[in-house]
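One structure is given below, encoded as structure tokens.
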Amino acid sequence: MYKGGDEGDYPLSFMVLSTKKVMTATIAVVMSAITTLSTVSAAVDSDNGLPENLTVEEATAAHYESANNYYTGKVSIDKTSMTLGVKESCTLQAVITNSNNPLQSVSWSSSNPKIVTVDSNGKITGVSVGSATITAALENGSTSSCKITVKKAPTSLALNISSLTMGIGETFDLNRVLPSDRGSYSVTYSSNNTKGVKVNTKNGIITARGWGTATITAKTYNGKTATCRVKVLKAPTSLSLNKTSITMGIGETFDLNRVLPSGTGAYSVTYSSNNTKGVKVNTKSGLITARGRGTATITAKTYNGKTATCRVKVLNAPTSVSLNKTKLTMDIGDTFDLNRVLPSGTGAYSVTYSSNNTKGVKVNTKNGIVTAKGWGTATITAKTYNGKTATCRVTVNKPKTYTDDDLFCLAAVIWQEAGASWISDRVQLMVGNVVLNHVANPAFPDTIRECITRPYAYGTMAWTGVKIPTANDPITKAAIDRCYANAKKLLEGYRILPSNVIYQAGFVQGSGVYAYEGGMYFCYQ
């Protein structure tokens, strides 16, 4: 019987009962270990893939993890950020690595379901404008996130190009363009002629496959569309450039343009320089920039390997520029070529020309050829790419005065010799110009009437007089008015022939033929 006393004194029945519990627990642990070892042994014996050097501790841990559904691994989402439009949906992919169970479940959550919702499969939907973070998580605590920006649904869609010409075998990346405050992650592409042009439905990369045309259509999730018309020609058989050699000054630029054989096409031609310190080239556009003295070769190359080259020589930038004339006197209709002159050792491909009075003197902006159009004065300015200038003052003589009889007589000659409606204004002006060359030549009379009424000069005018018929109908009136207009133009100073062209007839005369037009020969003296 228990009497109480020392802490070590217990009733016999209590001690027996406690001993039984301890033994039972011990036996359970031992049996569990035996079971685990037996399982490992059986796994190794069955050659199911467990490593031969697996320890008891490792096997026991694996057994414990399996028994408690504890999985290892790291989760990551296939995107770190993306932009959606309101009401647009797409599915994020979660990838599990370094795991004893890569098929374990992933839980998804949104930091703001009012902006973006996500379901148990990772499908996200834009709800309203704003941003939210989508998180994928494993039970072991591994997480990955993706920032989602939601914009308004697109109201329109455009492409980076609306039409282009390609060669067979060429590719091009069609990029979509949305208004800045609009969003659409998904844009699908289609072709109405896949034999001619194939398109990747997701990324818009097009491939020219056969001659002809095709329309590529891009479409947003909410139905907004944009198109690009693609023309496919043969692949280039050769390539050339608008310049094979050029001399430039440091700092100057020039646009190298490619030329393809007729009937062939290539949207993309790439450019390269073998000396970028001397000449830099834009790889896409061919715009070259002179950077340092020396030479460089620019190579243009088509998508199918055809090439062309341009040799570029770079000199110092001009310190000044001058012209071959600083003053010039001209008559209406005259032309003159103003040439630029640069200091030795300097270069400039491009010199531009301008006139401060284009009604009086017109100038070709690239080559400096000036044309006198009306009496008065004008200043022509030549300018290099780096701002150096030179000028030429041009005086255009006032047309000589003429009488009504001069106008009548010259119009009458034009009517008689070239009045038909099928004869051009140019030929009429040439006929009248010959008469004025007679007047200016010491070997002929001093007036128009005297020149045209010389015996055997202009037919019956020498005996029956100078005549122009009466205009009894609109067609005849218009024809006569045209003769008067061209005669007036000549009398006011316009010239179309050199001064030594004094013969006009249906046969060759003088020292040589200047031109044959309208069935007539115009010959030198």
Computed over the chain: relative contact order in percent, which uses C-alpha pairs under 8 Å that are six or more apart: 7
Unit charges on C-beta of K, R, D, E only; dipole of the stretch 264-337, Debye: 580
Dipole in debye (nearest 20) - the chain, about Cα centre, beta carbon charges: Lys, Arg +1; Asp, Glu -1: 1960
Extension gain from Ala420 to Thr80, taking 0.36 nm per residue of separation minus the Cα-Cα distance: 114.3 nm
Convex hull volume of the stretch 293-335 per residue (C-alpha atoms, cubic angstrom): 157
Positive minus negative residues near Thr352 (Lys, Arg vs Asp, Glu; Cβ under 14 Å): +3
Mean separation of Cα contacts under 8 Å, 6 or more apart, over the residue count of the stretch 384-525: relative contact order %: 26
Solvent-accessible surface (1.4 angstrom probe) belonging to Asp331, in square angstrom, nearest 10: 70
Accessible heavy-atom area order of Trp375, Trp415, Trp108, highest first, probe of 1.4 Å: Trp375, Trp415, Trp108
Nearest-ten-degree value, helix 474-491 long axis tilted from longest Cα axis of the chain: 80
For the stretch 220-313, size of Cβ-based charge dipole, Lys and Arg +1, Asp and Glu -1, in debye: 100
Translational diffusion of the stretch 366-473, µm² s⁻¹ [Kirkwood Rh, Cα pairs; Stokes-Einstein; 10 °C; 1.306 mPa s]: 93
Value of [θ]222 nm, deg cm²/dmol, for the chain, DSSP H segments ≥ 4, -39500 (n - 2.57) each, nearest 500: -6500 deg cm²/dmol
Environment charge at Tyr458 (Cβ cut-off 15 Å; Lys +1, Arg +1, Asp -1, Glu -1): +1
Nearest 10 degrees, 0 to 90: helix 404-418 Cα axis against the chain principal axis: 70
Rh by Kirkwood over Cα pairs, then Stokes-Einstein D for the stretch 93-203 at 0.692 mPa s and 37 °C, µm²/s: 189
Set of lysines with alpha-carbon distance to Lys325 below 27 Å, sequence-local pairs under 8 removed: Lys359, Lys362, Lys366, Lys373, Lys383, Lys388, Lys398, Lys400
Environment charge at Ser245 (Cβ cut-off 12 Å; Lys +1, Arg +1, Asp -1, Glu -1): +3
Inter-label distance for Ala137 and Asp481, nm, one decimal - labels placed 7 Å from Cα along Cα-to-Cβ: 9.2
Computed accessible area, Ile148, all protein chains, 1.4 angstrom probe, square angstrom: 0
Euclidean distance of C-alpha centroids, the stretch 427-480 and the stretch 384-409, integer Å: 26
Karplus-derived 3J(HN,Hα), 6.51/-1.76/1.60, for each residue of the stretch 164-177, Hz, glycine and proline x: 7, 10, 10, x, 4, x, 7, 10, 8, 9, 7, 9, 7, 10
FRET efficiency, 1/(1 + (r/R0)^6) with R0 45 Å, evaluated for Val95 and Asn192 via beta carbons: 0.75
Simple spin-label estimate for Asn441 and Asn112 in nanometres, 7 Å along Cα-Cβ: 9.3
Cα pair distances of the stretch 208-311 binned at 5 Å [whole percent]: 2, 12, 19, 17, 12, 11, 9, 8, 6, 3, 1, 0
Convex hull per residue volume in Å³, alpha carbons only, for the chain: 354
Leading residue at positive end of dipole, the chain (Cβ point charges), from Val431, Val230, Leu342: Val431
Folded to 0 to 90 degrees: helix 425-440 orientation relative to the chain principal axis, Cα: 40
Cα-based reach from Lys224 at 20 Å (exclusive), listing lysines while leaving out same-chain residues under 8 positions away: Lys87, Lys151, Lys152, Lys202
Selection from Leu174, Thr155, Gly374, by position along the positive dipole direction of the chain (Cβ): Gly374
Carbon/sulfur fraction of accessible area - the chain, other protein chains in place, 1.4 Å, %: 52
Considering only the chain, percent of DSSP beta bridges that pair antiparallel, nearest 5: 80
Å² per residue, accessible surface of the chain at 1.4 Å: 56
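The values are calculated or read from the model by the stated rules, or taken from the named source; none is laboratory data. Because the structure is predicted, anything quoted here is derived from the model rather than measured. Reconstructed Cβ throughout: ideal geometry from the backbone, glycine too, with neighbour counts over all protein chains shown. For the accessible areas, the whole protein counts, side chains as well, though only heavy atoms, and no ligand, DNA or RNA atoms are used. Shrake-Rupley method; radii C 1.70, N 1.55, O 1.52, S 1.80 Å.
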